[in-house]
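All of the numbers you see were taken from the coordinates with simple rules; none came from a lab. Bear in mind the structure is a predicted one, so any value in this text is a computation, not a measurement. All Cβ positions, even for glycine, are placed from backbone atoms using ideal geometry, and neighbour counts span all protein chains on display.
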Amino acid sequence: MPELRQNFFTKEWVIIATERAKRPEDLVVQHEAKEVAPFVPTCPFCPGNESQTPPELLRLPASKSSSWQVRLVPNRFAALARELEPSRTIHRSRRTINGFGVHDVIVETPDHSQFMALMSDTQVGDVLRIYKTRYNELSLDPRIAQLTIFKNHGHAAGTSLEHPHSQLVATPVISHQVRERLQQALSHYDEYGDCIFCQMVQEELEEQTRIVMVTPHFAVMELFASATPFSTYIYPLRHMASFGDISGAEINDLAHVMRTVLAKLHVGLKNPDFNYTIRTAPSECFGAKYFHWYVSIIPRLTRMAGFELGSGMFINTVLPEAAAAFLREVKVENATGAGA
Ligand SMILES: [Zn+2]
Ligand SMILES: [Zn+2]
């Protein structure tokens with residue numbers, strides 16, 4: 001029987017259509033097998049072509065005497081301009097702010113043919129360390145209200161460049177979607193005195209059915225009211241509102257967790273297109289007891305169609321419990337942690 005389920009955080013309803021249920025294998029999108037070279041002479045992110053990007057802002061290792069493993073550069077085709085002073089105008093019903101913002105690119109590896117799912121934990125850790133450094137740097141800028149760190153992998157996820165990279169966008173406003181989630185979390189905290197995320201993680205750990213893996217610092221799970229198949233969430237076990245508060249030991253653990261989850265998706269669903277986002281409190285809510293940062297990984301296995309666009313409600317054809325069980329079973333190298 002189909003079932004409607006409500007998302008605890010967003011209050012959005014989703015239809016879990018078990019009648020139309022598909023086996024995970026049915027969702028595999030067949031990619032054309034193509035050979036990708038580790039170095040592409042025309043790629044601006046390949047080593048030797050550093051002059052084709054705007055000047056580098058961060059790199060690891062930091063020393064210029066060794067070759068880089070990860071670098072952060074301004075996006076040459078930035079959606080927003082960092083040299084502006086944000087100014088707001090209100091004219092009758094119309095509100096605008098000039099296009100101030102920051103748009104950076106993180107080149108995750110010198111190897112053009114690499115996938116994050118197949119990198120070493122150390123390499124993924126370096127990517128996360130660059131995220132954290134830049135995140136904390138930009139959080140101090142009073143012009144910036146919201147920072148979004150994300151990765152697009154594959155065509156369906158919106159990638160324009162093949163070389164493994166992720167992006168960071170800083171905006172002078174908090175988006176309506178993020179504001180609404182903060183308000184939901186705040187009213188839950190006011191009513192129950194608990195972080196809504198800590199409560200949910202605790203319940204999921206007790207029930208186990210939607211847990212994919214657990215490590216010393218993180219729990220990975222499918223949400224009860226997951227909107228799309230195999231959407232996978234990584235929550236820190238320690239309450240933290242901001243990603244910028246992650247410790248060194250937690251970064252190492254998160255690197256292992258992200259690499260393992262991406263590897264499970266890569267192996268189990270044959271390199272699906274996906275987006276991941278680090279969803280963290282805006283700087284005005286740093287230290288908040290009501291908000292809890294996390295990573296969402298959304299494989300792009302299905303397309304939004306008329307019903308989703310018209311109703312704001314999703315139809316998910318894979319039971320979150322079945323997706324979790326499937327991912328627990330996919331064996332990948334060096335995956336430790338309960339249920340891995
Ligand atoms: Zn390249
Ligand atoms: Zn919490």
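Over the chain, what is the relative contact order in percent, taking alpha-carbon pairs closer than 8 angstrom and at least six residues apart? Provide the component values of the computation, followed by the final result.
Values: 669 pairs, mean separation 74.2, N = 340.
Value for the chain: 22 percent.
What size of dipole, in debye to the nearest 20, comes out for the chain about its Cα centre when the only charges are +1 on Lys and Arg C-beta atoms and -1 on Asp and Glu C-beta atoms?
On the way: 33 positive and 37 negative charges, 173 e Å.
Dipole about the Cα centre, nearest 20: 820 debye.
Test of understanding: what is the full-extension gain from Ser65 to Ser296, defined as 0.36 nm times their sequence separation minus their Cα-Cα distance?
Values: separation 231, 0.36 × 231 = 83.16 nm, distance 3.61 nm.
Net length gain for the segment: 79.6 nm.
Give me the three principal axis extents of the chain from the C-alpha atoms, as integers in angstrom, largest value leading.
58, 55, 42
Let me know the charge dipole size of the range 195-272 about its Cα centre in debye, to the nearest 20, where only the beta-carbon of Lys, Arg (+1) and Asp, Glu (-1) is charged. Walk me through the numbers on the way to the answer.
On the way: 5 positive and 8 negative charges, 77 e Å.
Computed charge dipole of the range 195-272: roughly 380 debye.
Taking only DSSP H segments of four or more residues, each worth -39500 (n - 2.57), what value at 222 nm results for the chain once the sum is divided by all its residues, to the nearest 500 deg cm²/dmol? Mind dumping the intermediate values first?
Working: 6 runs with 85 residues, N = 340.
That comes out to -8000 deg cm²/dmol.
How big, in percent, is the set of alpha carbon pairs in the range 235-340 lying more than 22 Å apart?
Numbers: 2550 of 5565 pairs.
So the pairs more than 22 Å apart make up 46 percent of the total in the range 235-340.
Work out, step by step, the length gained on full extension between Met313 and Ile174: first 0.36 nm times the residue separation, then minus their alpha carbon distance; give nm to one decimal.
On the way: separation 139, 0.36 × 139 = 50.04 nm, distance 2.33 nm.
Residue separation times 0.36 nm, minus the Cα-Cα distance, leaves 47.7 nm.
Hey, fewest Cβ within 10 Å first, where do Leu58, Leu265 land in order?
Values: Leu58 18, Leu265 23.
Lowest count first: Leu58, Leu265.
Return the distance in nm (one decimal) between the two label points of a simple spin-label model at Leu161 and Glu50, each offset 7 Å from Cα along Cα→Cβ.
1.5
Taking R0 as 25 Å, what's the FRET efficiency between Thr122 and Ser187 from their Cβ-Cβ distance, rounded to 0.05?
0.05
Over every pair of different alpha-carbon atoms in the range 239-300, take the mean of 1/r and invert it; report that Kirkwood radius in Å. If you can, show how the numbers build up before the last one.
Values: mean 1/r = 0.0774 Å⁻¹.
For the range 239-300, inverting the mean 1/r across all distinct Cα pairs yields 12.9 Å.
Per 0.36 nm of contour for each residue apart, how much would the distance between Leu57 and Glu19 grow if the chain were fully extended, relative to their Cα-Cα spacing? If you can, show how the numbers build up before the last one.
Working: separation 38, 0.36 × 38 = 13.68 nm, distance 5.15 nm.
So the chain would gain 8.5 nm between Leu57 and Glu19.
Provide Leu140, Leu72, Leu60 in ascending order of the number of other Cβ atoms located within 10 Å of each residue's Cβ, fewest first.
Working: Leu140 8, Leu72 22, Leu60 18.
With the fewest neighbours first, Leu140, Leu72, Leu60 line up as Leu140, Leu60, Leu72.
Give me the distance in nm between label points sitting 7 Å out from Cα along the Cα-to-Cβ direction at Asn7 and Phe77, one decimal.
Placing both labels 7 Å along Cα→Cβ, they lie 2.9 nm apart.
In 10 Å bins starting at 0, how do the alpha-carbon pair distances of the range 76-123 split up by percent?
Reading the bins upward from 0: 20, 27, 22, 17, 12, 2.
Packing-wise, with mean Cβ within 10 Å as the measure, how do 286-292, 248-254, 102-108 rank, highest first? Provide the component values of the computation, followed by the final result.
Values: 286-292: 19.1, 248-254: 17.1, 102-108: 23.0.
Top to bottom by mean Cβ count within 10 Å: 102-108, 286-292, 248-254.
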